[in-house]
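Student: Here you go, one structure.
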Amino acid sequence: MAQSMQATRVYLEPNYTGVISCLCCGVKRSIDMGEHQGKLVGKTFHLQCSTCGGVFLAIFDRRRHHRLHVHLPGRLVHPDTRQTLENIVVTSLSVNGLRFISRAKTVLQTGDVYEVVFMLDDAEQSMITEDVVIARVHGNVIGASFVKQSSYQSEIGFYLMYATPSLEK
């Protein structure tokens, strides 16, 4: 029996269904965790794969929107002066926000508002310019939420819908 003590994150839909991938053999299974509502989110569980018998860790989480892992160069811009503060790399994208890596030149704090500018790697090379509020700061990894709905939301939505990399729910 294979064993992996790496953890996989399982994103559950509002009805507590999701897809889990075995870290030992890669087999994917649909799961329904409805009977465990309120007991799962943020907790780590040891699971055993019914295909290979492998044991691995799973952390259950709930998201309202799909999140896509990306690698998109961009810029962090001061919203008033429009001056570029630093170059960033967008590493995760959803219709509500993004995660990016900061080069740590700028001191970022939760609640601060900035503008991010980056180009999608779609056929149109869509340029996205969005105001964001910093939601999480973990070292140089920054989580931010889009301040308001904008015309770019549909471009991001189509990008997320048709992107080929694996989605994180």
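Student: Checking the structure you have, find out if any residue of region 59-70 is charged (D, E, K, R), surrounded by 14 or more Cβ atoms within 10 Å (Cβ to Cβ) and touching a residue at least 60 places away in the same chain (Cβ under 8 Å).
Tutor: yes
Student: Could you go through region 157-168 and let me know if any residue there is at pLDDT 85 or above and either acidic (Asp, Glu) or closer than 14 Å to ILE88 by Cβ (or both).
Tutor: No, the conditions are met nowhere in region 157-168.
Student: Taking interchain pairs and intrachain pairs at least six residues apart, which have beta carbon atoms under 6 angstrom, with the first residue in region 122-141 and of a type in the set (S, T, N, Q) and the second modelled with pLDDT of 90 or more?
Tutor: Hits for this filter: GLN125/MET119; SER126/LEU120; THR129/VAL117; ASN140/ILE101; ASN140/SER102.
Student: Here is a further query. Could you check region 23-51 and list, in sequence order, the residues that are assigned to a loop (DSSP other than H, G, I, E, B) and touching a residue at least 12 places away in the same chain (Cβ under 8 Å)?
Tutor: Matches in region 23-51: LEU23, CYS24, CYS25, VAL27, MET33, GLN37, LEU40, GLY42, LYS43, CYS49, SER50, THR51.
Student: Is it fair to say THR81 is part of a loop (DSSP other than H, G, I, E, B) and not assigned by TED's automatic domain parsing to the domain that holds GLN125?
Tutor: No.
Student: Filter region 92-117 down to residues that are β-branched (Val, Ile, Thr), free of Cβ contacts under 8 Å to residues at least 40 places away in the same chain and under 14 Å from ARG136 (Cα atoms) and give me whichever is surrounded by the fewest Cβ atoms within 10 Å (Cβ to Cβ).
Tutor: VAL107
Student: Which of the numbered conditions does ARG75 fail, given that it passes all the others? Conditions: (1) within 30 Å of ILE128 (Cα to Cα); (2) part of a loop (DSSP other than H, G, I, E, B); (3) of a type in the set (Lys, Arg).
Tutor: The single condition ARG75 does not satisfy is (2).
Student: Look through region 118-135, keep the residues that are under 13 Å from LEU72 (Cα atoms) and charged (D, E, K, R), and return whichever of them is surrounded by the most Cβ atoms within 10 Å (Cβ to Cβ).
Tutor: Once the filter is applied, the top-ranked residue is ASP121.
Student: Among (1) at pLDDT below 95; (2) over 23 Å from TYR11 (Cβ atoms); (3) not aliphatic (A, V, I, L, M), where does GLY74 come up short?
Tutor: (1)
The values are calculated or read from the model by the stated rules, or taken from the named source; none is laboratory data. Predicted model only: the values in this text are computed from it and were never measured. Neighbour counts are summed over all protein chains in view; Cβ atoms, including those assigned to glycine, are modelled from backbone coordinates with ideal geometry.
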